[in-house]
1. Just the number: Rg to Rh for the chain, Cα atoms, Kirkwood Rh, two decimals.
2. Rounding to the nearest 10 and keeping the result within 0 to 90°, find how far the Cα-based axis of helix 120-133 lies from the longest principal axis of the chain.
3. Would you please state which residues of the stretch 107-149 a label at residue 280 would reach in this model, taking the label point 7 Å out along Cα→Cβ and a backbone N cut-off of under 20 Å?
4. Quick check: Cα centre of the stretch 93-168 to Cα centre of the stretch 210-251, how many Å?
5. Going by alpha carbons, how many degrees (0 to 90, nearest 10) lie between the helix axis of 148-163 and the longest principal axis of the chain?
6. Any chance you could give the angle, 0 to 90 degrees and rounded to 10, that helix 205-217 forms with the longest Cα principal axis of the chain?
7. What's the ranking of 169-182, 72-85 by average number of surrounding C-beta atoms within 10 Å, highest first?
8. If you line up the Cα atoms of the stretch 88-143 on their principal axes, what length do they span on each, largest first, in Å?
């Protein structure tokens, strides 16, 4: 084969087999600090089972996403992993009736299609409880309402404060994205507002890093003047001074379980090691949180 420079034909192989050995991964953003770990877990299981993941960013373009889904209906791939989608819950469920489909990290609200992720609602409650246990009562949040996972985190944040009989100050709940500039802008808005919180929950570590940077720029001590917590335990969580208290998501394991679940749908009978759709998270306490000074 080497001397003749021969390469096997995927098309010919596909015609002889019931499977293509390829799966499609659709995700919105190329620049994400956590997706590399998820892809690593997916690829690990794919290699073990002689599958090839095809990774395609959609930029949240519904037309582009539907074009790529043509690869599924055309049997060019055996199944699809969604890491966020523009499809409605009903569209997603309809697709899953005839194709092998699984969601990862971002669960479309109302969809019955399985999703592998942490329990974002419970994790946000645990993070909020940590801040309350340190004496904080004026707690703000920087959320990202365009993403299902962040909406669940906001719900968990609100639910815990309500259960602790702590009033939610709507002026301290800010909406943004998962980027560094959102964190910086949030601190500027909170400092200029009528009431600055003693603690701030950020929907991602990147946002928390931006918030810490801007807080220091305006002369605030962390955690003395304001405690700041993040989410994900991405590399950014250990790149700031102080390092960020956060919720650790086991992204590699989430990728593994997602790929295993999809292969089982396809019919490959892959062991899932007893893991279900919900993967355990962990609260990581670092120097960015401490007792309230007020």
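Coordinate-derived values only; no laboratory data. This one's a predicted model, so the numbers in the text were calculated from it and none came from an experiment. Cβ atoms come from the backbone with ideal geometry, glycine included; neighbour counts cover every protein chain shown.
1. When Rh is taken as the Kirkwood radius, the ratio is 1.05.
2. 20 degrees
3. Counting only backbone N, you get 116-130.
4. 20 Å
5. Computed tilt is about 40 degrees.
6. With both axes taken from Cα atoms, the answer is about 30 degrees.
7. 72-85, 169-182
8. 52, 17, 13
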